[in-house]
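Structure, as structure tokens:
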């Protein structure tokens, strides 16, 4: 099983050298006097120690033991509960919460870096506290003062955990057709009745209470998404059962250490959050948090599979190098000398490190949206956040899954064997392409709602950032290998967007036909921008003279690999987009099979 080692140097490179985290926090009144580089690094080190020594050893344990269900009670794998208590003692649940309710008031973007380490070390475990962060943010934004006072202190401390209860067996991602009911009671509360499925961390033994955030319909509510309301439904009220029961847990492909539950609400007492029939709007606070968190899983899969594959490739001997023997003292050369193996390793590395830069930047934009004092600055950041969230969620989970499969491939037959842990990464990360909106749904959101729905404004806002970067390096000969192709493909993205918009006026199906390839096209261009930024930062460090020459040269080499070997994949996506919807739609449904 790969032993996780936190990539602290690369994390610090992105935070401090590429994204200038200290300057970012200094520009936000809430953090300008509290967040320093020293503080950031202290938290990173503490989280690294916890993840390496407490969580990573439990990763395979959780996969092998899984969760057990008996009479509505779920027991987590050995060591999970003790690790959670350690997590609480270290203060991680309260990191970014409001100090009024016991939080430390630190940036959510700092919390994202810790979430990356937790998720890479043990994704199944990390989902238990991870869902609580979304519940906290939903209550912070939409809860009443009484609700905040009642629930936030114990959610923030980690004594209680939270969930999001959205979908139902017949509904899937179409939340407009959910059937869970909320009947008003005389005391101002509601009786919640219905069944929710796929509830991650919906029942467990790690915390004394679980606070469910539930979508339900009031009597007479309009049909569709405009008739959904949001409710707080605790598992326990004043220590007494509240008509909330785990009916079963799913038997899954992966993340065995996390309980994915069917939750039955039988007249459970609930409390309305926000306005009636505006539940989906309120829930989007939770869902956007979860989507960024899911993007982290893609990064985590790429990082963990890379770490395992790299160690194996340096040790495993097979054949001799085509250019001559590299290890004459051994019976064969380490497989890392072979181009095919290096291609797989560099793909994993490029997706992990590029994804890290994208997610950390996305988290900083979220900081600005929440904490900036300037309205125009917040609006611009919100536009970028809206555009990049579906790209991060879908593209990084797809590339993370690819990286996980390449980890198995590097191991060869040994990768298919459970003891090495590489196949677990594949199984655990497969769900990331599905939950919080599948890749296909995220693609429709990106192209249909965000790009075409804004008449191109959101895309233009991000394109202007890329253009500004390219312009600032137009006289830098060393950067032309990055800025020239970046400019070419960014312009092509704008062009093909316009073409899709024109075709969609004649046939709306053109949007759906193009969406997934469009998302991948946008994803590769987005990561190219971040790799160009990282290349420039590394170039500056090398030019200035540094004792870490190998680190920065590796960064330059990986950037060159990304531009030479991965970015050209956009050509295939462009070709598919340009074929349009006709071949997809001409076959009648009844003729798919005979």
Test for residue 247: is it surrounded by fewer than 21 Cβ atoms within 10 Å (Cβ to Cβ) and over 26 Å from residue 70 (Cβ atoms): no
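In contact (Cβ under 8 Å) with a residue 40 or more places away in the chain and buried (at least 24 other Cβ atoms within 10 Å of the Cβ): does that describe residue 257? I'd like the intermediate steps shown before the answer.
Details: in contact (Cβ under 8 Å) with a residue 40 or more places away in the chain: yes; buried (at least 24 other Cβ atoms within 10 Å of the Cβ): yes.
Against the criterion (in contact (Cβ under 8 Å) with a residue 40 or more places away in the chain and buried (at least 24 other Cβ atoms within 10 Å of the Cβ)), residue 257 qualifies.
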Test: residue in the stretch 267-279 that is outside any loop (DSSP other than H, G, I, E, B), in contact with a strand residue (DSSP E or B) (Cβ under 7 Å, 6 or more places away or on another chain) and modelled with pLDDT under 95: yes
When the stretch 407-422 is checked residue by residue, the ones that are farther than 16 Å from residue 345 by Cα and modelled with pLDDT of 95 or more are 413, 414, 416, 417, 418, 420, 421
Only strands (runs of 3 or more DSSP E) wholly contained in the stretch 180-259 count here; list those with 3 or more residues that are modelled with pLDDT under 95 and in contact with a helix residue (DSSP H, G or I) (Cβ under 9 Å, 6 or more places away or on another chain). none
Could you grab me the full set of residues in the stretch 55-84 that are without any contact (Cβ under 8 Å) to a residue 12 or more places away in the chain and under 15 Å from residue 128 (Cα atoms)? 82
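For (1) buried (at least 20 other Cβ atoms within 10 Å of the Cβ); (2) assigned by TED's automatic domain parsing to the domain that holds residue 374; (3) modelled with pLDDT under 95, each residue gets a yes or a no:
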{"site": "3", "(1), (2), (3)": "no, no, yes"}
{"site": "20", "(1), (2), (3)": "no, no, no"}
{"site": "63", "(1), (2), (3)": "yes, no, no"}
{"site": "69", "(1), (2), (3)": "no, no, no"}
Find the residue count for the stretch 533-579, including only residues that are surrounded by 15 or more Cβ atoms within 10 Å (Cβ to Cβ) and within 30 Å of residue 504 (Cβ to Cβ). 7
For the stretch 321-345, how many residues meet the condition of being under 24 Å from residue 520 (Cβ atoms) and surrounded by 20 or more Cβ atoms within 10 Å (Cβ to Cβ)? 2
Checking residue 590 against (1) assigned to a helix (DSSP H, G or I); (2) over 21 Å from residue 445 (Cβ atoms); (3) modelled with pLDDT of 95 or more, only one condition comes out false. Which one? (3)
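Whether any residue in the stretch 468-485 is in a helix (DSSP H, G or I), more than 19 Å from residue 532 (Cβ to Cβ), touching a residue at least 60 places away in the same chain (Cβ under 8 Å) and in the same structural domain as residue 539 (by TED's automatic domain parsing) is what I want to check.
Let us first name the residues in the stretch 468-485 that are in a helix (DSSP H, G or I), namely 468-472, 477-485.
Then drop every residue that is not more than 19 Å from residue 532 (Cβ to Cβ), which leaves none.
For the stretch 468-485, residues in a helix (DSSP H, G or I), more than 19 Å from residue 532 (Cβ to Cβ), touching a residue at least 60 places away in the same chain (Cβ under 8 Å) and in the same structural domain as residue 539 (by TED's automatic domain parsing): absent.
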Name every residue in the stretch 381-417 that is over 19 Å from the mean Cα position of the chain (by Cα) and either under 18 Å from residue 112 (Cα atoms) or in a helix (DSSP H, G or I) (or both), in order of residue number. 406, 407, 408, 409, 410, 411, 412, 413, 414, 415, 416
Hey, any hits in the stretch 363-372 for a residue that's in a helix (DSSP H, G or I), out of contact with any helix residue (DSSP H, G or I) (no Cβ under 8 Å at 6 or more places or on another chain) and surrounded by fewer than 21 Cβ atoms within 10 Å (Cβ to Cβ)? yes
Considering only the stretch 298-319, I want to know if a residue exists there that is out of contact with any helix residue (DSSP H, G or I) (no Cβ under 9 Å at 6 or more places or on another chain), at pLDDT below 95 and in a helix (DSSP H, G or I). no
Among the residues of the stretch 222-239, write down those that are under 11 Å from residue 176 (Cβ atoms) and in contact with a strand residue (DSSP E or B) (Cβ under 8 Å, 6 or more places away or on another chain). 227, 228
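So which of 342, 356 is farther than 12 Å from residue 295 by Cβ, at pLDDT 95 or above and within 27 Å of the chain's Cα centre (by Cα)? First the steps, then the outcome.
Values: 356 fails: farther than 12 Å from residue 295 by Cβ.
Result of the check over 342, 356: 342.
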Condition check for residue 269: closer than 16 Å to residue 194 by Cα, surrounded by 17 or more Cβ atoms within 10 Å (Cβ to Cβ), out of contact with any helix residue (DSSP H, G or I) (no Cβ under 9 Å at 6 or more places or on another chain) and in contact (Cβ under 8 Å) with a residue 40 or more places away in the chain: yes
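The values are calculated or read from the model by the stated rules, or taken from the named source; none is laboratory data. Note that the structure is predicted; figures quoted are calculated from it, not measured. Glycine also receives a Cβ, built like all others from the backbone with ideal geometry; neighbour counts cover every protein chain displayed.
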